[in-house]
Every structure is written in C-alpha cells, then in structure tokens.
Amino acid sequence: QLVESGGGLVQAGGSLRLSCAASGGTFSNYNMAWFRQAPGKERELVAAITWRGSSTAYSDSVKGRFTISRDNAKNTVYLQMNGLKPEDTAVYYCAASPSGSWDSGYWGQGTQVTAFS
C-alpha cells in the first residue's frame, strides 16, 4: 500500500514536499516514481529513483526544480518541488515497480498540487 501526503495550494514560485509512505511489501527492493495527471491530459512520469537510490531520472519539464529521494529505513519516497509553476498543477501519484513495469506495479491514491499565479 502506498499513501501520498504533502499536497496543497501554493503560490507560483513556492515549494512543496510530497511524501509516499509504503507498507505491506518490500518496497526497499523496488524502483519508485512520481507521476502526475492534470485534467484533460495524459499521465506523465515526473521523476523516478532506483531501489538503492543510486540513480534518478526526471522529465524535462521539472528537471532542475524537483528532486526525488528515498529513505528505505522509513519505506518512504519524497518529491521536493521548488519553483512551482501553474502548469505543475495536477494530481501527483506515487508508484512502485517490482517487475520493471509501472502499469503492473503498485499505486497510491494521489495528492492534489495546485500552484496559482
């Protein structure tokens, strides 16, 4: 089970930190990622991190502003979001991939992030 928290309403240029708490599995062995979906748009992979945290990847739209990290001792993945823009407004989802496929992995319920100008 994955539970996201930390979403909210923030003025453009501000920051938020999302958390994803995992339970019920050996998530320390899984690659993890954050996705987002805005109304009327397709789901977008925002950031991903390998199971040991040794490698990360970001979409071009957030590179340099967002940072993904994990604490395997706490079974938690984070997304630090700085310099938020109105176009970052979306529901953000945490995902875990035990098999190399996000679609067949585990997903959280999502948390709303709204950045206003």
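Okay, here's what the table says:
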read-out: Overall form of segment 12-52 per C-alpha gyration tensor (a/c, 1.5; a/b vs b/c); value: prolate
read-out: Distant-in-sequence amide H partners of Gly110 (H built 1.01 Å from N, under 5 Å); value: Glu4, Cys94
read-out: 5 angstrom amide H check on Ala12, placed H, neighbours 5+ away; value: Phe116, Ser117
read-out: Given charges at beta-carbon only (K, R positive; D, E negative), |dipole| of the chain in Debye; value: 220 debye
read-out: Ranked by how many other beta carbons lie within 10 Å on average, peptides 59-65, 28-34 from highest; value: 28-34, 59-65
read-out: Protein accessible area in the chain, 1.4 Å probe - carbon and sulfur %; value: 48 percent
read-out: Accessible area (Å², 1.4 Å probe, nearest 10) - Arg43; value: 110 Å²
read-out: Beta bridges per DSSP with both ends in the chain, % antiparallel, nearest 5; value: 90 percent
read-out: Share, in percent, of DSSP beta bridges within segment 27-66 that are antiparallel, nearest 5; value: 100 percent
read-out: Dimensions (Å) - segment 43-95, Cα atoms, principal axes, largest first; value: 34, 20, 19
read-out: For Ser28, net neighbour charge (Lys/Arg +1, Asp/Glu -1) across residues whose Cβ lies under 14 Å away; value: +2
read-out: Eligible aspartates and glutamates near Lys74 by straight Cα distance, threshold 16 Å, same-chain separation 8 or greater; value: Glu4
read-out: Residue-by-residue Karplus 3J(HN,Hα) for segment 42-54, coefficients 6.51, -1.76, 1.60, Hz, glycine and proline x; value: 6, 4, 10, 6, 8, 7, 9, 9, 6, 4, 8, x, 7
read-out: Whole-number percent relative contact order across the chain, with pairs defined as alpha carbons under 8 Å at least 6 apart; value: 36 percent
read-out: Convex hull per residue volume in Å³, alpha carbons only, for the chain; value: 92 Å³
read-out: Heavy atoms of Ser15: accessible area, 1.4 Å probe, square angstrom to 10; value: 60 Å²
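The values are calculated or read from the model by the stated rules, or taken from the named source; none is laboratory data. Worth saying up front: this structure is predicted, and the values here are computed from it rather than measured. So basically every Cβ, Gly included, is an ideal-geometry build from the backbone, and we count neighbours across all protein chains shown. All accessible areas refer to the heavy atoms of the entire protein, side chains included, with ligands and DNA or RNA removed. Shrake-Rupley method; radii C 1.70, N 1.55, O 1.52, S 1.80 Å.
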